[in-house]
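J.: My questions all concern the structure below.
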């Protein structure tokens, strides 16, 4: 059945998500409109399509054990010079994200994998663009501040057009989804296997 490129993340809700995505595009990041604004729990990962039901069951179990928590974004930071990324910082909720991503990548689960860098939850607003544009992103979003209650996370896949699409949501504690229900937008057999962006 082949493989699929997937990721797990917490979506930044409206109106903040669209605002940050539009700012990312305005800074000249060509990937902006293909990546919904998010905090990563599992970076782009190649998985066997046949394992999809097992992956969904695993993520449902992780979510069932979780509880809602407050996330607050405040100000900007950068991974430069190690990595060409400018991001909005998590002022609250980082510890909860850290625990979640450990469970998602659990050693006994279908999504176990090692990370290239220590986990650092953030919201990317510029990646791999010119230094002047990176400096502009860093300065223009320095006063950004937003907070909300995180009620769950979602599973995404990357299509042939390199756009990431939400496939299923997982609510904490078996409660109601934190976003409106979203139908499957693609079939696994239609998904391509290009290299995925790192953020």
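The values are calculated or read from the model by the stated rules, or taken from the named source; none is laboratory data. Just so you know, these numbers come straight off a predicted model, no measurement behind them. All Cβ positions, glycine included, derive from the backbone under ideal geometry; neighbour counts span all protein chains shown.
J.: Quick check on the range 50-60: of everything there that is out of contact with any helix residue (DSSP H, G or I) (no Cβ under 8 Å at 6 or more places or on another chain) and touching a residue at least 60 places away in the same chain (Cβ under 8 Å), which residue is farthest from residue 154 (Cα to Cα)?
T.: Restricting to residues being out of contact with any helix residue (DSSP H, G or I) (no Cβ under 8 Å at 6 or more places or on another chain) and touching a residue at least 60 places away in the same chain (Cβ under 8 Å), the top hit is 55.
J.: Right, here's the next one. Mind telling me which of the residues 47, 26, 63 ends up being more than 16 Å from the chain's Cα centre (by Cα) and under 17 Å from residue 156 (Cβ atoms)?
T.: Matching residue, one of 47, 26, 63: 47.
J.: Kindly check whether there is at least one residue in the range 84-97 that is in contact (Cβ under 8 Å) with a residue 40 or more places away in the chain, at negative phi and assigned to a loop (DSSP other than H, G, I, E, B).
T.: Yes, the range 84-97 has at least one match.
J.: Here's something else I'd like to know. Exactly one condition in (1) more than 15 Å from residue 154 (Cβ to Cβ); (2) in a helix (DSSP H, G or I); (3) without any contact (Cβ under 8 Å) to a residue 60 or more places away in the chain is false for residue 20; which is it?
T.: For residue 20, the failing item is (3).
J.: Something else about it: With (1) buried (at least 20 other Cβ atoms within 10 Å of the Cβ); (2) farther than 16 Å from residue 122 by Cβ as the list, and residue 88 as the residue in question, which single condition is left unmet?
T.: For residue 88, the exception is condition (2).
J.: I've got another one for you. Looking at 141, 99, 111, can you tell me which residue is modelled with pLDDT of 95 or more and closer than 20 Å to residue 15 by Cβ?
T.: Exactly one residue qualifies, and that residue is 141.
J.: Give the residues of the range 107-119 that are touching a residue at least 12 places away in the same chain (Cβ under 8 Å) and surrounded by fewer than 20 Cβ atoms within 10 Å (Cβ to Cβ), sorted by residue number. Show your work before the answer.
T.: Here is the first cut: in the range 107-119, the residues touching a residue at least 12 places away in the same chain (Cβ under 8 Å) are 109-111, 113, 115, 117, 119.
Scanning the range 107-119 gives 109, 110, 113, 115, 117, 119.
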